Structures are given as structure tokens and as C-alpha cells.
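Quick note: the coordinates plus some simple rules give every number you see, no bench work behind them. Predicted model, so just to flag it, every value in this text is computed and none were measured. Using ideal geometry, Cβ is built from the backbone for each residue, glycine included, and neighbour counts are taken over all protein chains shown.
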Amino acid sequence: MVRDVGDTPIRARSLAKSYGLLPVLRGIDLDVERGECLALLGANGAGKSTLLRLLAGVSRASKGELALFGASCHPDRPPADVLARVGFVGHEPLVYRDLTPRQNLDFFAQLYSVGASAAERAERIGRAIESVRLERHADREVRTLSRGTLQRLALARASLHDPELLLLDEPFTGLDAPGRERFTQSLATLHRTGTTIAMVSHDFTEVTALATRAVVLRGGRIAADLSPVPPLAELNEQYRTLVDDGSRNVGHRS
Amino acid sequence: MWAIVRKDLSIERRTGEMLTSLFLLALLVILLFAFSLEPDRLRGPEFVAGLLWTTLLLSGTLTLNRSFVLERELGAWTALALAPVDRGSIYLGKTIANLIFLLTAAVLLLPLIALLLGTNGIAPSPLLPVSIVLGVVGIAAIGTLFSAMASRTRAREILLPLLSFPVLAPLLIGAARTTAAGLAGEELDQIGSWMLLLGGFDVVFLTAGWMAFDYVLED
């Protein structure tokens, strides 16, 4: 079922971010339309994760305009009804290590007001666990789980409230081949059901499999906007032309 | 807010880290006092009250550090910052959970101190629980706010006492005075102004924490 997402999920104009005197983003103009799967590419320090954190509302921009689903998100924090439409998967799983995955999901379900009753909430949590194939680990403490399992839990947490916009920061890092495959399948399913996705990634194989558009950042600015995403070899070639020689290996799995 | 409280209590049920470390640290401080001072000086409501609050302040401050360390592990802090809830309610939830831990410790420690050091001159009045609750609310309110701020730094273990002890000094004086009066069986009219000071202190810092937490949670 494809959902009606409504307003443009992301609209940024001259978005800039500095840490002290150090500029990280130097004026980003970006529109992401509903149903897109955007990959943010670039060398380390290009500003990809910073941009994603601004979009998620984790940090505030220094200058510029940012609107999510038509609501202004700068200089103020995104309003609660907008935050409820966004999911975020970060470098870390953003969960509690001393709770089980089911307890973690129950906590976040309460924060996002998922389910009208405890029974409905439990049912939604059960579905989220199934969707990322976490059934075997659902009642074990998070501290005992592998990186791949944690990443699937992170996706379950971020998608538990059916976000219309899902933001992911290097979601494939540290996953083995089967883990990547499972994670890619889960993302593809979310994208097929209408979720707009924006992800930071160094992994071009997954990018070409999932993304409908790729934006390359260099020095805090957009260096290229590729839509549709070219095939893997061509993407690698274009990327190398755009980005400094120092990052030639970026895009290849180790 | 209550989801945060339930979550913190659930983690404590599974690990027991907060209460165990709080109680053991407090016990250690009490024993150090008992060993280092002459037995004749360790008597009476004033000493018991002073020892209770010094112990709670020291062990409580060290333990409150844990409160936000567990939010930092695996990045749960960021997930809280992203949630579509009022950030002030996150502060209140954390404060209530810490209040429960500190009150539990106070309830366990007070009879222990009296038992170890003697009960001469002690005839508790209904003021005693009120003074303890008011004092512990203040420690929880300030400790939670400063623990959240300090958790962003590498020197958090040092920073929390450095930030909180000077601010908590008036509370400590008021709490020790009212608790001593409560232990000695005094009436409210004798220490009403101290009670008002404690109550006012709690309201001011709970409000300040609730308002400031939006910025504390910011990246």
C-alpha cells in the first residue's frame, strides 16, 4: 500500500552549520520529494552526517532555512507533529543496552504514542520485530547482541511509528554480507510502501541497489546531484572525478 | 514522563547498579565517620542529620552520574532528543526516577545511622519525613540537571560535584537543620522558615531544570 505523504519531506535553502569558527556546511539547497530514496555521498568530513543530523532535528543549523513536511525547522526545533513523521538510524543503535529489544521498542513506542492501547502497542512491536527478523533475540539483553542484530533493532526502533521520512547515517557499517542483504531488503520494503529515505553511505553497491538519487557533498557544498543513480561502475567513476584523490578507495567494501 | 520513570526503574531492576552503589558508598561514608570521630561526639539529632545529608550528598552525586551515562551508552540520548515529546518532561521523568533511588537510600540509611551511632535524644516527629522528601527533591532536581550537562564532557565525574556542591550548599544546611528538628521532635513553628526555604529551593530548581533541558539535550 503506498501512503499519501503530503508535503515535501525536506526543503533546505542556504543551510549552513559551523562548529565554532569551523564551517562544516556552507550553503546547502536541497529538495527531497516524497517517495525518493536519496543517498548522501562524500569523503570523510564533507558534511554528510552533519546535514543528516540537521535534517533529523538533532542539531540546529547556524544559518539558512529548513522545512520538513512544510513546517519550518530553523531556528526552532522541529514541531512534535513533524518529529513524529521522522525516523532516524545513526552510527549507534540509539537504544538501552540493559533492556531487551522488546523492552526498548516498548519504551520508544510510548514516546511516539504508538498504539491506542497496551495490546495494540504490543502487536505493533511484534510486527516491528518480525519485519527485521529479530524474533530469536527479542527477549535477550541488548548488550549480548551482535552488531548486525543491533542494526536491525535500530531499524525496528526507527520505523516503529511508521515514519514518512527515514534518515540513516551509514547504516551498512560493520555489517557482514548476509547482514547487509537483510538490511537492504528491509529498507527496500519500507521504500516500496512509500517511506521517503535519505541515507549517508560509503557503500556504493547498496546505494545503487536502493537509491533513486545520489547527492555528492564536497567541502560542505553539493558537488553533484545524480538522478537517476548511474550503474555502479559509472557512479564510482563520477565520484572519483568529483572527490579528491585521497578518498579513491571510498565506495569499495573492505 | 512516566515512560522514562518506568524505563529507568526497569533498568535498575535488571542491573541494581544505582541503588547498590548508592547504598554501599553511603555505608562506607558512615563507617568512615564512625571510625574517625570519638564515640562521644557521634550522638544526638544534629549529628545524625548532618551525617545523613553529607552521606546522601556524596553518594547521591556520584551515583547520579550513572543516570545519564546509561543514556549516553549506545546513543539512546539522541533517540530521546528526537522523540516528539516535551524535553522538559524528559527531565522530570529522569528527576522522578532519581528521586525514587535517593529516597529509598535515605529510608534505608536513617535507621542504620541511628542504630550504629545511638539514638540518644531522638524522638522523631512528622516533620522528619517532610524534611527528608524536600531535601531529596532538591538533590534530585539539581543532580539530574547537572548530571545531564556533565555527561557531555569527558571529566563528568569531577564536573558534577564541582557544579552541584556550591549550588546545593544552602539546601544541605536547610535539610540538616529541619531533619535535626524532626529527629528531636520539634514542631513546625520552630523551623517553618527552613521548610519554606527548602520548598522554595525545590520549586526554583525543578522549574529551571524543566525549562533548561531543551538546551541541555541539544547537540
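Quick notes
- Taking every DSSP helix (H) stretch of at least 4 residues in chain A, weighting each as -39,500 (n - 2.57) and dividing the sum by the residue count yields a mean residue ellipticity at 222 nm of -10000 deg cm²/dmol.
- Taken over the stretch A:12-104, the alpha-carbon convex hull comes to 140 cubic angstrom per residue.
- Full extension of the chain segment joining B:Gln190 with B:Leu31 gains 54.1 nm, where the gain is 0.36 nm per residue of separation less the Cα-Cα distance.
- Computed magnitude of the charge dipole of chain B (debye, nearest 20; Cβ of K, R +1, Cβ of D, E -1): 480 debye
- To the nearest ten degrees, helix A:147-159 and the longest principal axis of the Cα atoms of chain A are 90 degrees apart.
- Counting only other chain Cβ atoms within 10 Å of each residue's Cβ, the peptide A:48-60 averages 2.
- Between the C-alpha center of the stretch A:24-59 and that of the stretch A:134-199 there is a gap of 20 Å.
- Cα-based convex hull, the stretch B:2-216, per residue volume (Å³, whole number): 116 Å³
- Mean per-residue shielding of peptide B:8-15 is 3, counting Cβ atoms of other chains within 10 Å of each Cβ.
- The H on the amide N of A:Leu226, modeled in the peptide plane, is under 5 Å from the matching H of A:Ala214, A:Val215, A:Val216, each at least 5 residues off or on a different chain.
- Candidate cross-link partners of B:Lys94 among the lysines, defined by an alpha-carbon separation under 27 Å and a same-chain spacing of 8 or more, comprise B:Lys7.
- Cα-based helix-to-principal-axis angle, A:118-131 vs chain A, degrees rounded to 10: 50 degrees
- The stretch A:131-254 - Kirkwood radius from inverse mean 1/r over Cα pairs (Å): 15.7 Å
- Förster radius 41 Å - calculated FRET efficiency between B:Met211 and A:Leu232 (Cβ-Cβ, nearest 0.05): 0.20
- What you get for the stretch B:1-116, charging only the Cβ of Lys and Arg (+1) and of Asp and Glu (-1), is a dipole of about 280 debye around the Cα centre.
- Taken along its principal axes, the alpha carbon cloud of the stretch A:187-234 reaches lengths of 34, 23, 17 Å, longest axis first.
- Cα gyration tensor, the protein assembly as shown - rounded (a/c under 1.5), prolate or oblate: prolate
- Inter-label distance for A:Asp29 and B:Met1, nm, one decimal - labels placed 7 Å from Cα along Cα-to-Cβ: 4.6 nm
- ³J(HN,Hα), Karplus 6.51/-1.76/1.60, whole Hz, each residue of the stretch A:79-87, x for Gly, Pro: x, 4, 5, 7, 4, 5, 9, 10, x
- The stretch between B:Asp86 and B:Glu38 holds 12.1 nm of extra length on full extension. This uses 0.36 nm per residue minus the Cα-Cα distance.
- Its alpha carbons considered, the stretch B:1-89 gives a radius of gyration followed by a Dmax of 17.8, 58 Å.
- Fully extending the segment from A:Ala122 to A:Thr212 would add 29.0 nm, taking 0.36 nm per residue of separation and subtracting the current Cα-Cα distance.
- Global form of the stretch A:77-208, assessed from the alpha-carbon gyration tensor, a/c cut-off 1.5: oblate
- Packing, taken as the mean count of other beta carbons within 10 Å per residue, orders the peptides A:155-164, B:202-211, B:67-76 from highest to lowest as A:155-164, B:67-76, B:202-211.
- Counting Cβ atoms of other protein chains within 10 Å of each Cβ in A:106-113 and taking the mean gives 6.
- Sequence-distant lysines (8 or more away, or on other chains) whose Cα lies within less than 19 Å of A:Lys48: A:Lys17, A:Lys63
- Relative to the dominant Cα principal axis of chain A, helix A:101-111 is inclined by about 80°.
- The convex hull built on the alpha-carbon positions of chain A has an orientation-averaged projected area of 13.6 nm².
- Tensor-based shape of the stretch B:44-152 (alpha-carbon gyration tensor, a/c under 1.5 rounded, otherwise prolate or oblate): prolate
- For A:Val95, the residues whose amide H sits under 5 Å from its own are B:Ala76, ignoring neighbours fewer than 5 places away on the same chain, with H placed 1.01 Å from N.
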